[in-house]
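Please treat every number below as a calculation from the coordinates, not as lab data. No experiment lies behind these values; they were computed from the predicted model shown. Here the Cβ positions follow ideal geometry from the backbone for every residue, glycine too, while neighbour counts run over all protein chains shown.
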Amino acid sequence: MESQPLKKTTVVEHNCITSESNEDKEEEKTRECDKWEWKEWKRLAKEEGLVMQVNELIEEKLSKGELVPNDPQYEENKEFIDELAAQAKNIQKIYQELTSHQGWTTQVDNHKGISVYYRKEENTEIHTFKTKDISIPAASIETKYLKEITDVNKVCYCKINLCWPLTNRDCVAQVFAFDCLDCSGAIILTGASIYSGSCADQIDLEVPQISQNTARLGLKKKIDIYF
């Protein structure tokens, strides 16, 4: 008679231990899944240019309370979350500038399919211009990849061979591609010139020398959009 309560207590205690062990395993499994999810999101943004899509997923998690500031998952990935949000905001701004002509002066309005717009930047004599379907007559263009960091992050060389007496032009630029097909039906390219020095050294790039009768263009920002 006395052995039964002892036996019952032993079984209950064993069940509790097993239950706690299963909970620990589930928590560990969840943590591993979360790590894999974040790792995959970082890969998609960095290697496939899906910045807008991944940012939307994170914003959805935040709005639903599935991701909360100051919790471990958020803090571990805060730098990525902030960088992604800034990139998404910049892409939206770029898209708006390219598709809206508000604040721009029209120089050529759809003449043989070509349009040219420009605007003067504040506190400088520099003008920014944008074009649509522009071509360069009497010129041949050479392009090649100097380095492919990922499918959407490449260093390109471009040379425009102009007829005499004009001087040829070339440039070396690091270009990033963003897949915005889901949200705007566009692929956006954005980039800037890269020169010999720290930027080139960081990606182990040897910048080509400027050839004879050629002037190198400096691109502070170059943006194209393709529908």
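Annotations for the structure displayed:
- Stretch gain in nm, segment residue 82-residue 110, where the contour uses 0.36 nm per residue and the Cα spacing is subtracted: 6.1 nm
- Across the stretch 52-205 the C-alpha pair distances fall into 5 Å bins from zero in the proportions 2, 7, 11, 13, 16, 18, 14, 8, 6, 3, 2, 1, 0 percent.
- For the pair residue 71 and residue 35, the difference between a 0.36 nm per residue extended length and the Cα-Cα distance amounts to 11.5 nm.
- Alpha-carbon Rg/Rh ratio, for the stretch 45-123, with Rh computed the Kirkwood way: 1.20
- Taking the square roots of five times each eigenvalue of the Cα gyration tensor of the stretch 79-151, the equivalent ellipsoid has semi-axes of 27, 22, 13 Å, listed largest first.
- Each peptide in 163-172, 109-118 gets a packing score, the mean of other Cβ atoms within 10 Å over its residues, and the list from highest to lowest is 163-172, 109-118.
- Anisotropy class of the stretch 138-226 from Cα gyration tensor, a/c 1.5 cut: oblate
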